[in-house]
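Here the structure comes first, spelled out in structure tokens, and everything after it is commentary.
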Amino acid sequence: MKFHVMTLFPEMIENGLGTSILGRAAEKGVISYEAVNIRDYTLDKHGKVDDYPYGGGAGMLIRAQPVYDAYQAITASFEQKPRTIYLTPQGRTFDQKMAAELAKEKELVFVCGHYEGIDERVLEKIVTDYVSIGDYVLTGGELPVMVMIDAIARLIPGVLHNDVSAETETFHNDLLEYPQYTRPEEWQGKKVPEVLLSGNSKKINEWRLEQSIEKTKLHRPDLYAKYEQKQEIIKRLSKKKRQNIHMMELLHRGLGEVVYDKGMDIVLKFENLYMLHAEDVVSARELLMKVPTGAMVITTQEFVRDLLEKEFGKTGFCKCSQAVCTRKEALTVRYKDIRQLDITYLEYILEHYTSSEEHMKECLNAGVMYGAFDEDRIIGFIGMHSEGSMGMLFVEEEYRKKGIGASLESYLINLQISNGFTPYCHIIEGNEKSMALQEKLGLYVADTPLWWIW
Ligand code: 6GU
């Protein structure tokens with residue numbers, strides 16, 4: 001990812017981003033940034049970039065010309081128009097969700113005003129997003145842009161050391177982080193909570209969740225309300241766990257948003273994917289109105305599937321069986337050489353698994369693809385789709401029937417169990433080999449099918 005910052009104070013950006021974690025990430029080449037001085041592009045003989053506002057009023061405005069020329073210089077080699085963010089207290093408020101969305105871009109351009117505003121005409125021409133970092137007024141966009149870059153950059157694989165840590169902390173799952181302690185065991189008469197010294201990881205996890213809940217209730221009742229709603233929905237869905245595990249896990253892992261929720265009429269959204277459970281045909285029709293035309297839908301109800309075909313013009317159907325792993329203890333992994341895959345395996349995976357390049361890139365970058373190796377040669381892989389299901393299992397012809405597929409899946413199952421997740425997968429109708437594998441590993445298959453519909 002490359003960040004381009006247009007500013008009158010480039011040294012502020014360079015000093016701010018050059019140190020600590022972001023500085024190291026830039027040295028490693030995982031991210032890069034440039035601070036572009038708008039003043040370098042002015043055609044004014046004296047280097048002036050601002051002028052008085054038409055109609056009068058306090059302060060000066062940055063003229064359109066230097067801003068536009070700086071923008072043109074930055075974007076000259078781009079294949080498409082980049083997301084271009086103007087930092088302004090009048091913008092949409094920046095949050096974790098926006099950070100995650102922006103972290104997917106290849107290039108981001110930021111425009112900072114300082115003291116003064118910018119001529120509206122150039123903003124209309126180049127800006128795609130108006131963003132504020134909160135309800136207070138600062139002297140310029142330089143601090144806000146650094147706040148944004150910090151929040152976005154730490155979501156990019158390789159910026160932080162461990163890929164899991166960005167996932168499991170504050171705001172993931174709508175709860176605040178639990179308190180933490182290090183040595184000494186007693187400081188100024190205050191003791192570390194007993195349970196943390198017990199070595200009992202189940203008890204420790206329970207205590208941490210309880211602390212998170214209490215802290216959120218106290219400090220962020222708005223977040224707690226969201227958390228409670230999701231827990232409520234999970235409880236209702238759990239009456240038919242095998243059928244509904246995809247919706248339960250989406251919420252449990254903090255991935256889904258609730259679009260609609262009343263009794264057993266439930267619509268969840270994850271990116272362009274909608275998971276829908278309806279009370280009956282009448283409410284299904286209502287719920288489907290809330291799903292945008294181009295979206296993908298998952299349902300386990302045949303009447304929803306039929307409605308989508310007959311009344312909503314959907315033509316793509318993939319019928320699957322959903323299988324759930326309900327055990328809490330790790331499985332044995334016989335094949336030992338299994339490693340996390342990085343983006344360098346993209347080509348290999350696309351050769352052996354039919355999927356969009358975009359999706360496979362996402363999975364590799366998210367660190368959720370694992371490969372089996374023989375010496376240093378990759379001989380198979382498995383992964384987790386972004387909505388949470390396991391899939392993409394492949395083993396080279398000459399290595400089949402040796403239990404390598406079972407080992408790959410067991411490995412992935414264990415990882416998820418240790419994260420507190422319930423592993424599940426969708427087996428495309430007719431894939432008897434995969435059904436046999438799920439049975440062998442002890443997964444439970446739902447007695448209703450599940451459809452992916454587009
Ligand atoms: Cl993005 N800019 C300025 N000048 N002040 C702000 C802000 C941005 N966000 C909050 N206050």
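The values are calculated or read from the model by the stated rules, or taken from the named source; none is laboratory data. Everything quoted here is computed from the prediction, not taken from an experiment. Cβ atoms come from the backbone with ideal geometry, glycine included; neighbour counts cover every protein chain shown. Accessible surface areas use protein heavy atoms only, side chains included; no ligands, DNA or RNA. Shrake-Rupley method; radii C 1.70, N 1.55, O 1.52, S 1.80 Å.
What to note about this one:
- Heavy-atom surface of the chain, accessible at 1.4 Å and reported per residue (Å²): 54 Å²
- Structural descriptor for the stretch 2-153: relative contact order 30 percent, calculated from alpha carbon pairs under 8 angstrom and at least 6 residues apart.
- Using R0 = 22 Å, the C-beta based FRET efficiency linking E257 and D129 works out to 0.65.
- Each label point was placed 7 Å from the Cα along the Cα-to-Cβ direction; for Y54 and E302 their separation is 6.7 nm.
- If you wrap the tightest convex hull around every Cα atom of the chain and split its volume per residue, you get 210 Å³.
- Neighbour-limited loop hits for trypsin sites (Lys or Arg not before Pro), the stretch 354-403 (at most 16 other Cβ within 10 Å; DSSP other than H, G, I, E, B): R400, K401, K402
- When I428, I126 are compared by accessible surface with a 1.4 Å probe, the order from highest to lowest is I428, I126.
- Note: relative contact order over the stretch 223-324, using C-alpha pairs below 8 Å and six or more positions apart, is 19 percent.
- Phi to ³J(HN,Hα) by Karplus 6.51 cos²θ - 1.76 cosθ + 1.60 over the stretch 309-325, Hz, x for Gly, Pro: 6, 7, 10, 10, x, 7, 10, x, 9, 10, 8, 10, 9, 9, 10, 10, 9
- Heavy-atom accessible area for E347, with the other protein chains in place and a 1.4 Å probe, reaches approximately 140 Å².
- To the nearest 10, the accessible area of L341 is 0 Å² with a 1.4 Å probe.
- Computed helical MRE - 222 nm, the chain, DSSP H runs ≥ 4 contributing -39500 (n - 2.57), nearest 500: -10500 deg cm²/dmol
- Accessible area of V192 (1.4 Å probe, protein heavy atoms only, ligands and nucleic acids ignored): about 20 Å².
- Solvent-accessible ranking of R183, R339, largest area first, probe 1.4 Å: R183, R339
- Note on the stretch 322-454: lysine pairs with Cα distance below 27 Å, sequence gap of 8 or more or different chains, count 15.
- 3J(HN,Hα) from dihedral phi, the stretch 120-132, Karplus parametrisation 6.51/-1.76/1.60, rounded to Hz, x for glycine, proline: 4, 5, 6, 4, 4, 7, 10, 7, 9, 9, 9, 10, 10
- Here the calculated FRET efficiency for K402 and A330, from their Cβ-Cβ distance with R0 = 22 Å, stands at 0.60, rounded to the nearest 0.05.
- With all protein chains in place and ligands, DNA and RNA left out, the 1.4 Å accessible area ranks L17, L415 as L415, L17, largest first.
- Rounded Å value of the spacing that divides the Cα centres of the stretch 245-308 and the stretch 384-454: 23 Å
- The chain, accessible surface, carbon-and-sulfur percent (1.4 angstrom probe): 50 percent
- More than 25 angstrom apart: percent of Cα pairs within the stretch 2-153: 26 percent
- Derived scalar couplings ³J(HN,Hα) [the stretch 331-342; Karplus, 6.51 cos²θ - 1.76 cosθ + 1.60; whole Hz; x for Gly, Pro]: 8, 7, 10, 6, 7, 8, 8, 10, 9, 5, 9, 10
- The stretch 1-76 and the stretch 94-137: distance between their alpha carbon centers, rounded to Å: 13 Å
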